[in-house]
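This structure is in structure tokens; I'll ask about it shortly.
The values are calculated or read from the model by the stated rules, or taken from the named source; none is laboratory data. Given the structure is predicted, the values throughout are model-derived calculations rather than measurements. Cβ placement follows ideal geometry from the backbone for every residue including glycine, while neighbour counts extend to all protein chains displayed. We work out accessible area using only protein heavy atoms, side chains counted, and drop any ligands, DNA or RNA first. Shrake-Rupley method; radii C 1.70, N 1.55, O 1.52, S 1.80 Å.
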Amino acid sequence: MNQYVLYFPETDKSSLALVGGKGANLGELCHIPGINVPTGFCITTQAYTDFVNRSEEFSRLLEDLQTIDAESLETIKAVGQRIRTYLENLDIPSSIRQEIIKAWQKAGSQYAYAVRSSATAEDLPGASFAGQQDTYLNIKGESELLFHVRKCWASLFTDRAIAYRAKNGFDHRKVLLSVVVQQMVFPEVSGIMFTADPVTGNRKMISIDAAFGLGEALVSGLVNADLYKVRAERIVKRQVAVKKLAIYPLSDGGTEEREIPSRQQSEQALADENILELARVGRRIEEHFGRPQDIEWGYADGRIYIVQSRPITTLYPLPESPDAASGVYISFGHVQMMTDPIKPLGMSIWEKTMATVDSQYSLVPAGGRLYFDITDTLASWLGRKTAPALYSKSDVLLSSAIAEVIRRRDFIATLKPRKRAAGTKSYMRRSMGTMAGGMYEMLFKEKLEAPDVTAISNQIISELRSELSRRSGRDRLDLLANHFGKVFMVFMDTIGKPVFAAWLASLLIGWLARHWLSGPSPLDELTKSVPGNVSTEMGLELGDLADVIRPYPAALEYMKGADDATFLDGLERVEGGAVIRPAFAAFLVKYGMRCPGEIDITRLRWREKPTQLVPSIISHIQSTEPGGHRLRFAQGRAEAEQAAQTLLLRLKQKLGGSFKARLMGKLVRTYRQFIGLREYPKYLMVSLLDEYKRAIMEEAARLVEQGTVDQAEDVFYLTLEELTAAVATGRADRDKIAALKEKYAEYEKLKPPRVLTSEGEAIFGSYAPRDLPAGALAGTPVSSGVVEGRARVVTKLEEADLEKGDILVAPFTDPGWTPLFVSASGLVTEIGGLMTHGAVVAREYGIPAVVGVENATKLIKDGQRIRVNGTEGYVEIL
């Protein structure tokens with residue numbers, strides 16, 4: 001095989017290292033029957049390597065790139081210019097030059113050619129590198145060809161290419177360049193075709209952009225293009241643009257812009273029959289590559305030519321459902337307030353859990369996240385009527401996204417109920433029983449008594465520990481596979497009635513207050529400092545711990561740089577350590593299972609990484625006087641009691657006031673007595689996950705000792721079934737673990753949609769138009785009041801630095817974020833609803849809060865002064 005030149009038919013996907021992504025894809029296209037690909041050849045990466053390695057100067061220049069930051073634009077510009085100048089003036093070795101000329105002559109020296117770069121990290125499923133290197137069109141003659149080949153090699157170091165690689169972690173030395181030399185086709189019409197809608201992600205919709213002349217005008221954004229959409233062999237949209245300019249070839253080489261005659265500017269560029277023919281070609285190409293494609297095409301002399309195809313890298317992955325039927329899936333992460341990807345072990349444990357719980361919803365993975373299958377719900381008339389309202393309390397934009405799907409009547413008509421296990425009916429019966437019991441509890445039971453959830457959960461944990469201590473190996477892991485669903489549903493049966501009673505009471509309080517008093521809901525005031533909320537209690541106890549640490553600055557300084565493995569022991573060597581160590585240890589015994597993103601079992605818990613708590617402790621000391629958190633809680637309780645008395649007094653003055661006040665009084669007592677319990681299921685859930693993790697890590701340590709895995713954390717990239725097999729056999733697929741680590745890094749870059757359909761459509765939800773101040777960011781009001789202050793944008797809890805008066809801006813908050821609420825004067829999150837963690841805790845602390853503000857952590861910059869209107873639901877950047 002020639003080391004410097006390969007013709008297109010000689011290449012395929014196995015040639016990636018030699019001809020790059022573009023060249024490999026062109027080779028694959030040549031192997032698809034009926035696809036017209038203009039002839040050409042690839043100058044291999046071996047030619048590039050032999051070209052650049054002729055002197056040590058290039059190696060020194062590459063070294064300068066390795067430490068460049070992606071944001072250092074001036075440095076990138078200077079170093080990139082030096083490298084490009086060096087390569088453009090470097091002679092091509094005669095052996096390489098001769099092979100290029102020989103291939104050019106064989107392909108047809110009389111023709112014009114396009115000279116394109118093809119990097120080894122280009123046009124791949126995980127990174128497109130689109131537009132990072134240069135393309136040269138209508139190149140004629142030997143000297144021009146060689147000149148532009150060298151220009152292509154140099155374009156590996158354009159400013160945009162250097163910055164892209166630096167930002168995405170690609171080693172500059174490992175990305176090599178092939179050059180594609182392809183015979184020019186001079187089309188009457190050309191454009192780009194996506195075999196899935198690039199905006200919505202719908203895999204059933206083909207989207208075609210078309211313009212007159214060469215496609216370069218369209219790619220470069222020089223002209224508007226026609227837009228055609230094709231679904232199921234039918235053109236469902238034609239959007240004809242006014243096309244004033246086009247790019248055409250010059251007779252002696254190169255290209256020029258020309259103005260299109262006015263009578264032609266508004267004509268449809270491509271006829272309907274050609275649109276449908278092009279769509280069929282696109283589907284054949286997609287079928288060959290096995291995934292949606294971004295295709296460059298041209299129409300000339302009655303034929304469709306394909307000049308490039310690459311995977312569409314921006315689509316969110318489809319749900320991994322074994323059922324091929326139509327389906328609708330909602331984000332588990334948006335419901336649970338944690339949208340980061342979950343590692344395979346964490347995902348498999350949740351899938352097992354949902355399989356053992358008598359739930360009507362199953363979980364399916366997509367893009368490193370989990371999604372609830374709600375197809376059954378939306379397949380029924382009643383489900384479609386109730387689903388948006390049901391999820392509005394979790395996340396208003398999720399409710400909006402579900403409503404948007406329901407409006408797609410053609411798609412909804414394709415939904416059929418799934419075949420469910422027999423447990424679904426028993427789940428529904430239990431749910432109905434819980435609701436009925438909750439209503440009785442709220443309306444008729446005179447003495448309200450909350451169940452002793454602490455004693456119940458302690459018993460569950462104690463029994464689990466005892467059982468795990470008697471088992472080991474596969475027997476222990478088999479227990480974990482079936483444990484959660486059994487004990488958790490028993491616990492939910494215990495507290496389900498009072499929690500439902502509190503939820504129903506909250507709805508009635510708001511509704512009755514509006515109808516009887518014509519005023520806003522008093523819930524914000526009534527929610528302050530409710531008893532029995534384990535997350536609030538955790539925040540108060542962290543405040544107590546901060547007050548223990550406060551008098552000892554040397555201990556606090558030690559904590560800032562402490563090692564997690566020796567954190568507690570190291571306290572004994574600093575002033576105050578004898579007092580602080582037992583207090584910190586006691587806090588970790590009670591709450592050490594918690595952490596941000598705690599629904600993922602693989603996350604580091606506070607007991608494993610206690611330094612995560614240090615920023616919260618520092619923020620508390622900076623923003624709160626000694627004992628201030630307890631005083632604030634007591635003040636909140638007094639304000640809630642006063643609000644309740646005022647509410648009842650106003651009702652007594654109304655017609656039928658005695659009855660109204662008595663009913664409202666019962667609702668208020670029910671709400672305040674039981675609403676705190678809503679945080680306890682998650683507390684137990686996280687406690688169980690932590691016990692599972694302890695057992696799993698013990699088994700993982702044995703696998704490390706046996707040499708089965710390199711480090712204990714490698715088991716996070718195995719499913720529970722794979723881990724059980726590894727423990728039983730002493731074997732694990734190391735290559736698969738390495739590949740999944742890379743995949744997880746890719747998943748971290750994805751933004752998960754709130755709703756996915758089986759067609760791949762990603763729906764994020766939106767707010768209905770509202771009258772907001774100019775430039776305001778819309779959200780959902782969940783805790784009333786208006787506050788101004790400095791924005792503290794926090795994406796990782798351990799990096800938090802809040803001072804008194806600061807407003808917390810975060811992607812989401814779960815109970816692991818509670819310690820920051822003591823210091824914050826307001827809250828803004830990207831996800832959430834009226835009854836989610838952040839909303840409830842904000843109301844308890846009496847701080848204004850707006851949730852569901854899309855891209856808040858990007859649109860609001862850390863340190864900016866902002867105004868949060870928790871009454872109307874918007875944020876202003878001041």
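For (1) farther than 24 Å from L667 by Cβ; (2) modelled with pLDDT of 85 or more, each residue gets a yes or a no:
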residue: L378; (1), (2): yes, yes
residue: L382; (1), (2): yes, yes
residue: P388; (1), (2): yes, yes
residue: S394; (1), (2): no, no
residue: A403; (1), (2): yes, yes
residue: A421; (1), (2): yes, no
residue: M439; (1), (2): no, no
residue: A450; (1), (2): no, no
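Moving to a separate point now. For the range 58-98, enumerate the residues that are farther than 25 Å from N168 by Cβ and of a type in the set (D, E).
Within the range 58-98, E88, D91 qualify.
Continuing with the same structure: Of everything in the range 719-766, what is within 20 Å of the chain's Cα centre (by Cα), within 30 Å of G707 (Cβ to Cβ) and hydroxyl-bearing (S, T, Y)? Give them in sequence order.
Y744, Y747
I would also like to ask the following. Give me a count of the residues in the range 586-595 that are under 15 Å from M685 (Cβ atoms) and open to solvent by 10 Å² or more (accessible area, probe 1.4 Å).
Looking only at that region, the number is 1.
Okay, next question. Being over 20 Å from R605 (Cβ atoms) and either open to solvent by 40 Å² or more (accessible area, probe 1.4 Å) or touching a Pro at 6+ places or on another chain (Cβ under 6 Å) (or both) is the filter here; which residues of the range 559-576 pass it?
Listed by number, the residues that qualify are K560, G561, E572, R573, E575.
Another question about this same structure. If you take the residues in the range 458-478 that are among the basic types (K, R) and within 22 Å of Q706 (Cβ to Cβ), which one is most open to solvent (accessible area, probe 1.4 Å)?
R474
Turning to a different aspect of this structure: Looking at the range 671-725, which of its residues are open to solvent by 20 Å² or more (accessible area, probe 1.4 Å) and among the polar types (S, T, N, Q)?
Across the range 671-725, the qualifying residues are Q673, Q706, Q711, T719.
Right, next: Name the pairs: first residue in the range 197-211 and in contact (Cβ under 8 Å) with a residue 12 or more places away in the chain and of a type in the set (A, V, I, L, M, F, W, C), second residue open to solvent by 10 Å² or more (accessible area, probe 1.4 Å) and assigned to a loop (DSSP other than H, G, I, E, B), Cβ to Cβ under 7 Å, at least 6 apart or on different chains?
These pairs meet every condition: A210/A225; A210/A269; A211/V223; A211/A225; A211/A269.
Now, a different point. Restricting to the range 245-265, count the residues that are over 15 Å from E188 (Cα atoms) and surrounded by 13 or more Cβ atoms within 10 Å (Cβ to Cβ).
Within the range 245-265, residues that are over 15 Å from E188 (Cα atoms) and surrounded by 13 or more Cβ atoms within 10 Å (Cβ to Cβ) number 2.
Of the residues L808, L827, only one is of a type outside the set (V, I, T), farther than 21 Å from Y767 by Cβ and either open to solvent by 40 Å² or more (accessible area, probe 1.4 Å) or in a strand (DSSP E or B) (or both); which?
Criteria check complete, one pass: L808.
Could you please find all residues in the range 238-255 being part of a loop (DSSP other than H, G, I, E, B) and either in contact (Cβ under 8 Å) with a residue 12 or more places away in the chain or within 44 Å of the chain's Cα centre (by Cα) (or both)?
Within the range 238-255, V240, A241, V242, K243, K244, L250, D252, G253, G254 meet the criteria.
Residues that are hydroxyl-bearing (S, T, Y), farther than 25 Å from G627 by Cα, in contact with a helix residue (DSSP H, G or I) (Cβ under 8 Å, 6 or more places away or on another chain) and modelled with pLDDT under 90: does the range 815-833 have at least one? It would help to see each step written out before you state the result.
The first filter runs over the range 815-833 and keeps only residues hydroxyl-bearing (S, T, Y), leaving 818, 823, 825, 829.
Okay, now just the ones that are also farther than 25 Å from G627 by Cα, so 829.
Next, only the ones that are in contact with a helix residue (DSSP H, G or I) (Cβ under 8 Å, 6 or more places away or on another chain) stay: 829.
Keeping just the survivors that are modelled with pLDDT under 90 gives none.
Looking for residues that are hydroxyl-bearing (S, T, Y), farther than 25 Å from G627 by Cα, in contact with a helix residue (DSSP H, G or I) (Cβ under 8 Å, 6 or more places away or on another chain) and modelled with pLDDT under 90, one finds none in the range 815-833, hence no.
Let me confirm something: among P551, P520, which residue is open to solvent by 40 Å² or more (accessible area, probe 1.4 Å), part of a loop (DSSP other than H, G, I, E, B) and either of a type in the set (D, E) or within 30 Å of I580 (Cβ to Cβ) (or both)?
The unique qualifying residue is P551.
Hey, could you check the range 134-189 for residues that are acidic (D, E) and open to solvent by 50 Å² or more (accessible area, probe 1.4 Å) and say which is farthest from W104 (Cα to Cα)?
It comes out as D159.
Still on this structure, please answer the following. Return the residue satisfying two criteria in turn: it lies in the range 1-14 and is touching a helix residue (DSSP H, G or I) at 6+ places or on another chain (Cβ under 6 Å) and free of Cβ contacts under 8 Å to residues at least 24 places away in the same chain, and of such residues it is most open to solvent (accessible area, probe 1.4 Å).
K13
I've got another one for you. Output the number of the condition that K858 fails; it satisfies all remaining conditions of (1) of a type in the set (K, R); (2) open to solvent by 30 Å² or more (accessible area, probe 1.4 Å); (3) in contact (Cβ under 8 Å) with a residue 24 or more places away in the chain.
All conditions are met except number (3).
Of all residues in the range 52-84 being among the hydroxyl-bearing types (S, T, Y) and more than 34 Å from the chain's Cα centre (by Cα), which is least open to solvent (accessible area, probe 1.4 Å)? Reasoning before the result, please.
The initial filter retains those residues of the range 52-84 that are among the hydroxyl-bearing types (S, T, Y), namely 55, 59, 67, 72, 75.
Cutting the leftovers down to more than 34 Å from the chain's Cα centre (by Cα) gives us 55, 59.
On the way: S55: 45, S59: 66 Å².
The residue in question is S55.
Taking A47 as meeting all but one of (1) under 33 Å from the mean Cα position of the chain (by Cα); (2) under 21 Å from R173 (Cα atoms), write down the number of the exception.
Condition not satisfied by A47: (1).
Among the residues of the range 256-281, count how many are in a helix (DSSP H, G or I) and within 23 Å of R303 (Cα to Cα).
12
Spot the failing condition for E56; the list is (1) over 30 Å from R284 (Cα atoms); (2) modelled with pLDDT of 80 or more, and only one is missed.
(2)
On the basis of being over 23 Å from C595 (Cβ atoms) and modelled with pLDDT of 90 or more, does K736 make the cut?
So K736 fits the description; yes.
Which pairs have Cβ atoms under 6 Å, sit 6 or more apart or on different chains, and link a residue in the range 839-854 that is on the phi > 0 side of the Ramachandran plot to one that is open to solvent by less than 10 Å² (accessible area, probe 1.4 Å)?
Pairs found: G846/G636; G852/L397; G852/G779; G852/G832.
Take the range 602-645 and flag every residue that is aliphatic (A, V, I, L, M), under 26 Å from M685 (Cβ atoms) and open to solvent by 50 Å² or more (accessible area, probe 1.4 Å).
The one that is aliphatic (A, V, I, L, M), under 26 Å from M685 (Cβ atoms) and open to solvent by 50 Å² or more (accessible area, probe 1.4 Å): L604.
Please tell me if P773 is in contact with an Asp or Glu (Cβ under 9 Å, 6 or more places away or on another chain) and either in a loop (DSSP other than H, G, I, E, B) or open to solvent by 30 Å² or more (accessible area, probe 1.4 Å) (or both).
Yes; evaluated as a whole, the condition is true for this residue.
Collect the residues in the range 266-278 that are open to solvent by 30 Å² or more (accessible area, probe 1.4 Å), touching a residue at least 12 places away in the same chain (Cβ under 8 Å) and not charged (D, E, K, R), keeping them in residue-number order.
S266, Q268, L276
While we're on this one: So which residues in the range 779-804 are open to solvent by 30 Å² or more (accessible area, probe 1.4 Å) and either in contact with a helix residue (DSSP H, G or I) (Cβ under 8 Å, 6 or more places away or on another chain) or of a type in the set (A, V, I, L, M, F, W, C) (or both), if there are any at all?
S784, V786, V793, T795, E798, E799, D801, E803, K804
Let me confirm something: among R291, R310, which residue is farther than 30 Å from R384 by Cβ, of a type in the set (K, R) and in contact with a helix residue (DSSP H, G or I) (Cβ under 8 Å, 6 or more places away or on another chain)?
R310
Looking at the range 91-103 only, could you name the residues that are of a type outside the set (D, E, K, R) and closer than 17 Å to V115 by Cβ?
I92, I96, I100, I101, A103
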